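Q: Could you have a look at this structure, given as structure tokens, before my questions?
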Amino acid sequence: AQTVTQSQPEMSVQEAETVTLSCTYDTSESNYYLFWYKQPPSRQMILVIRQEAYKQQNATENRFSVNFQKAAKSFSLKISDSQLGDTAMYFCAFMNRGAQKLVFGQGTRLTINP
Amino acid sequence: SQTIHQWPATLVQPVGSPLSLECTVEGTSNPNLYWYRQAAGRGLQLLFYSVGIGQISSEVPQNLSASRPQDRQFILSSKKLLLSDSGFYLCAWNEGAQAYTFGSGTRLTVV
């Protein structure tokens, strides 16, 4: 079974700093998808970024970018110029191609301080 | 555009009472539908998923059941709630390998 591990339960940075959240996963498959979701205090799950494993280029969405290392099974999220509104739980998630189930990590609670 | 509706937002129920949470999706046909539970401060646990009407897959043996009576309707039920059923329940949908879109969630407290 696939597993997703987020080794940082909590992180805290100052506004405008850059922060990197770690995620590793375990799979024997070669075709899959990786995601980062954000869950603010409202608890609404919001998609931050999506990466397809067969693409070597790292995905980016404005201030959010990933460092996808397929051989190392690592998928970290970098948030540049962090803002107070980035304060949230961040979840890394994995989906096998051809399967519908999304497997989540335990989350990292990120606090952006003014 | 597609939207997902989940209700109620908050629910307090006594132990032993029944449960029915509803989720509907608009603007798409034959979506994949999911129920997740999130314990306080923890990750999301997949409870059920459905790839079509009447097709339900259960991930974790428990006190809950799910049904899909219509293409875009997904219901989470229990005949008798336990204290351990308390949590935050999220419905989600997707198509193929697209990212999930989540509902706004239901906070269930069993007392």
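Q: Can you name the residue in the range B:96-111 that is more than 8 Å from chain A (Cβ to nearest Cβ) and either over 19 Å from residue B:9 (Cα atoms) or among the small types (Gly, Ala, Ser) (or both) and is also surrounded by the fewest Cβ atoms within 10 Å (Cβ to Cβ) among such residues?
A: Selected residue: B:96.
Q: While we're looking at this one, here's another question. Taking the stated definitions as given, is residue B:84 open to solvent by 20 Å² or more (accessible area, probe 1.4 Å), away from chain A (no Cβ under 14 Å) and of a type in the set (Ser, Thr, Tyr)?
A: yes
Q: Which residues, counting only those in the range A:1-56, are within 13 Å of chain B (Cβ to nearest Cβ) and aliphatic (A, V, I, L, M)?
A: The answer is A:1, A:4, A:34, A:45, A:46, A:47, A:48, A:49, A:53.
Q: Within 11 Å of chain A (Cβ to nearest Cβ) and either surrounded by fewer than 18 Cβ atoms within 10 Å (Cβ to Cβ) or small (Gly, Ala, Ser) (or both), is that true of residue B:92?
A: The answer is yes for residue B:92.
Q: Just the residues that are facing chain B (nearest Cβ under 7 Å) and in a loop (DSSP other than H, G, I, E, B), please, taken from the range A:91-114.
A: A:97, A:100, A:101, A:102, A:105, A:106, A:107, listed by residue number.
Q: Among the residues of the range A:90-114, write down those that are over 12 Å from residue A:23 (Cβ atoms) and touching a Pro at 6+ places or on another chain (Cβ under 7 Å).
A: The answer is A:109, and nothing else.
Q: Across the range B:44-74, which residue is nearest to the other protein chains (Cβ to nearest Cβ) among those that are small (Gly, Ala, Ser) and open to solvent by 10 Å² or more (accessible area, probe 1.4 Å)?
A: The selected residue is B:57.
Q: Ok, one more. Out of curiosity, is residue B:77 outside any loop (DSSP other than H, G, I, E, B), away from every other protein chain (no Cβ under 14 Å) and at pLDDT below 95?
A: no
The values are calculated or read from the model by the stated rules, or taken from the named source; none is laboratory data. Just so it is clear, the model here is predicted, and its values are computed rather than measured. So basically every Cβ, Gly included, is an ideal-geometry build from the backbone, and we count neighbours across all protein chains shown. Just the protein is used for accessible areas: all its heavy atoms, side chains included, with ligands, DNA and RNA removed. Shrake-Rupley method; radii C 1.70, N 1.55, O 1.52, S 1.80 Å.
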